[in-house]
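Notes follow once the structure below has been shown.
Where a number appears in this text, it was derived from the coordinates with a stated rule and is not lab data. No experiment lies behind these values; they were computed from the predicted model shown. Here the Cβ positions follow ideal geometry from the backbone for every residue, glycine too, while neighbour counts run over all protein chains shown.
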Amino acid sequence: MIYNYCGHSGVQLPVLSLGLWHNFGSVDDFSVATQMVVRAFDAGICHFDLANNYGPEPGSAEENFGKILKNSLAGHRDELFISSKAGHDMWPGVYGTGSSRKNLIASCDQSLKRTGLEYFDIFYSHRYDGVTPIEETMQALIDLVRQGKALYVGISKYPPALQQQCYDILKEAHVPCLLSQYRCSMFDPKAKNNNFQIAADNGSGIICFSPLAQGLLTGKYGNGIPEGSRAARSTGFLQESQVTPARVEAVKQLAVIAKERGQSIAQMALAWVLADKRVTSCIIGTSCVAQLENNLTTLHNLTFSEDEMKRIDNIINQKDLWFLS
Ligand SMILES: NC(=O)c1ccc[n+]([C@@H]2O[C@H](COP(=O)([O-])OP(=O)(O)OC[C@H]3O[C@@H](n4cnc5c(N)ncnc54)[C@H](OP(=O)(O)O)[C@@H]3O)[C@@H](O)[C@H]2O)c1
């Protein structure tokens, strides 16, 4: 495994982290979930990314991760870097969602109980809710650190106009923002263009999610929607309508370059995200151990020639490929 420092901090993360958004819930096969976590850990993936609402059922990914820790990774807590987040819809009523102090503090307590952990290594505000003053949300994060419930804090998906405010408040309280989490892939240039430099200038690490555009950048949708894939599953977040002919065609063109590099498309897509030196790590999702193995092989070739980058840019620089919302 290769490790990068998170911005201006003493904390290192593996360049590939494992996320538990899909495939680790109560609807999924617990033995496969266990195998993926254990194999990831054995391969040096010591960072696992959670949130209160991951499942489905919401909360069940945290519960399952807690069980895996207890059954299979007992005694390894200090070798692990575990995150959780609060901000998306979680429990009924007005306090079960958003970026308020009420939601963040209660949610962190619930997540600690579900995972059986004494503290999270990093706790994030999962999103800006459009209403809560930034001061309130950041103060809640600061207090979670002061209470010993989180070692570090982070922000996820915050718009550029508010990022600086977050960093300033956190810095002033001596609880600097360790990580800024944004969606980034060959089909997702928005954060790279709008958010990364602000994070880097403020010493925050950058961690990218959905680096394979939820599986689109693996080539699996070349002949329609395969059974069992994320786009086919009723609980999957990737919609069939997002598997567009333009994206499928772009992946076919990218496959030619990947083949020349001796990589799968997925491996090239992950290497491409990591080629931006501002990026600390990218969080992958996997639905079986074979995918994890395939993605781990990315580490064998992380560099691109100028010509390869130009050819990739020519394919992906088309607005109809991008996820903009
Ligand atoms: N902060 C936020 O708001 C936020 C939002 C979203 C995600 N995240 C984090 O980021 C993590 C990763 O997101 P993601 O799951 O969308 O990442 P992703 O890596 O873009 O997509 C993962 C999916 O792609 C398919 N896949 C992966 N490797 C493959 C391979 N080698 N060959 C074929 N198919 C492969 C699998 O889907 P199939 O089911 O089709 O096999 C897998 O579940 C999440 O778990 C979560 O921790 C954070």
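Table for the structure above
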item: Least to most buried among SER287, SER84, SER325 (fewest other Cβ within 10 Å first); result: SER325, SER287, SER84
item: Förster radius 22 Å - calculated FRET efficiency between PHE237 and ALA290 (Cβ-Cβ, nearest 0.05); result: 0.55
item: Ascending count of other beta-carbon atoms within 10 Å, so fewest first, for HIS47, HIS22, HIS174; result: HIS174, HIS22, HIS47
item: Proximal charge balance of ARG127 [Cβ under 12 Å; K/R count +1, D/E count -1]; result: +1
item: All aspartates and glutamates inside 19 Å of LYS67 as judged from Cα atoms, apart from same-chain residues fewer than 8 positions distant; result: ASP28, ASP29, ASP42, ASP49, GLU57, ASP78, GLU79, ASP109, GLU118, ASP121
item: Within the chain, percent of DSSP bridges classed antiparallel, to nearest 5; result: 10 percent
item: Additional length obtainable on full extension of the chain from TYR95 to GLU136, 0.36 nm per residue less Cα span; result: 13.3 nm
item: Candidates GLY285, GLY25, GLY75, ranked by Gaussian network fluctuation over the chain, Cα under 10 Å, top entry; result: GLY75
item: log10 of Debye I(q)/I(0), alpha-carbon scatterers only, for the stretch 138-241 at 0.18 Å⁻¹; result: -0.85
item: Efficiency of FRET between VAL256 and TYR3 - r from beta-carbon atoms, R0 35 angstrom, step 0.05; result: 0.65
item: Cα long-axis angle, helix 160-172 against the chain (0 to 90 degrees, to the nearest 10); result: 40 degrees
item: Distance between the stretch 63-138 and the stretch 191-223 - C-alpha centres, whole angstrom; result: 22 Å
item: Partnerless cysteines, meaning none of the other Cys C-beta atoms lie under 4.7 Å away, in the chain; result: CYS6, CYS46, CYS108, CYS166, CYS177, CYS288
item: Percentage, to the nearest whole number, of Cα pairs in the stretch 2-98 over 24 Å apart; result: 26 percent
item: Whole-number D in µm²/s for the stretch 244-325 (Stokes-Einstein; Kirkwood sum over Cα pairs; 20 °C, 1.002 mPa s); result: 157 µm²/s
item: Span from the the stretch 4-46 Cα centroid across to the the stretch 254-325 one, whole angstrom; result: 19 Å
item: Calculated P(r) tail over 35 Å for the chain, as whole % of Cα pairs; result: 16 percent
item: Neighbour-count order for PHE196, PHE304, PHE187, fewest beta carbons within 10 angstrom listed first; result: PHE304, PHE196, PHE187
item: Length-normalised contact order of the stretch 208-325 in % [C-alpha pairs under 8 Å, at least 6 apart]; result: 30 percent
item: Cβ-derived FRET efficiency at R0 35 Å, ASN314 paired with GLN147, nearest 0.05; result: 0.10
item: Neighbourhood charge, 12 Å Cβ-Cβ cut-off, centred on ALA191 and excluding it, Lys, Arg +1 and Asp, Glu -1; result: +3
item: Values of log10 I(q)/I(0), in the order q = 0.28, 0.30, 0.31 Å⁻¹, for the stretch 85-134 under a Debye, Cα-only, solvent-free model; result: -1.10, -1.20, -1.25
item: Amide N proximity, the stretch 113-133 versus GLN165 label position 7 Å along Cα-to-Cβ, cut-off under 12 Å; result: 128-133
